[in-house]
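Taken together, the values in this text are just the output of simple stated rules run on the coordinates, not laboratory data. It should be emphasised that the depicted structure is a prediction, and the values quoted were computed from it without experimental measurement. For neighbour counting, all protein chains shown are included, and Cβ atoms are generated from backbone atoms with ideal geometry for every residue, glycine included.
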Amino acid sequence: MKASDWDERYAAHDLVWSAEPNRFVAAIIGPLTPGHALDVAAGEGRNAIWMAQQGWTVVAADYSTVAVERMRSLAADRLGDDVERLTPLVADATQPAPGGPAAYDLVLLCYLQLPGDEWRQALREAVEAVRPGGHVVVVGHAGRNLADGWGGPSDRGVLYDPEEVLERAGGLPVTAVQSGIRERPVDTEDGERVALDTVVVLRRQG
């Protein structure tokens, strides 16, 4: 989708995504010592705002101007005096990260669903932005969700299984800390369904 398409989607709803952080993001990042983080394709900022509440200093980027303005407003409401911990800005995930190389202790790619070459470039930029010893956390709609899960995008070209993430990380200075398929319960009008997500954590080598 183009930035203008996302602008229209965000403008049409009071809140497109849940106000709570993604369950896998919270489980992975919660135990880590807070530092400087970049949330790529942050949307309305649900994960970025939560990270700021945990003590992280966060740059949260999205290429939808509408999403970034909403994130700024939500952060002002929820963070209070800690609002300066969060810097929302408009940026493209496939371009060099704001702040430059090795500027962050952690980079989050949560439901960044791009075609293969663009996603590979976004991953490369994320790794470049992380300091040695830092982490790149990937959470996304899995390819096998199409056959075995519920919801999510229907275009296989923007989905990725864990092994595809690791393949696209080939040649980058990272090691895999964890990699797998995770089940995510989803409440629907027909009861609870299960979505399949890819969760990969990479550590930047020195």
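If Lys and Arg each add +1 and Asp and Glu each add -1, what is the summed charge of the other residues whose beta carbon sits under 9 Å from the beta carbon of residue 131?
Combined, the nearby Lys, Arg, Asp and Glu give 0.
Could you check which residue among 80, 134, 143 shows the biggest mean-square fluctuation in a GNM of the chain with a 10 Å Cα cutoff?
Among 80, 134, 143, the largest mean-square fluctuation in the Gaussian network model of the chain belongs to 80.
Zone of residue 194 (label point 7 Å along Cα→Cβ, backbone N under 13 Å): which residues in the stretch 148-175?
Answer for the stretch 148-175: 148-150.
Using the count of nearby Cβ atoms within 10 Å as a rough guide to exposure, how do 150, 50 rank from fewest to most?
In order of increasing Cβ crowding within 10 Å: 150, 50.
What is the local net charge at residue 192, summed over the other residues whose Cβ is closer than 12 Å to its Cβ (Lys, Arg +1; Asp, Glu -1)?
My count for the surroundings of residue 192 gives -2.
Based on alpha-carbon atoms only, what is the radius of gyration of the chain relative to the globular estimate 2.2 N^0.38 Å?
Cα-based Rg divided by the globular estimate yields 0.96.
Find the relative contact order for the stretch 3-204 and round it to a whole percent, using C-alpha pairs within less than 8 Å whose residues are 6+ positions apart.
It comes to 17 percent, rounded to a whole number.
For residue 69 paired with residue 155, estimate the spin-label separation in nm (one decimal), with each label point 7 Å from Cα along the Cα-to-Cβ line.
Spacing of the two 7 Å Cα→Cβ label points: 2.6 nm.
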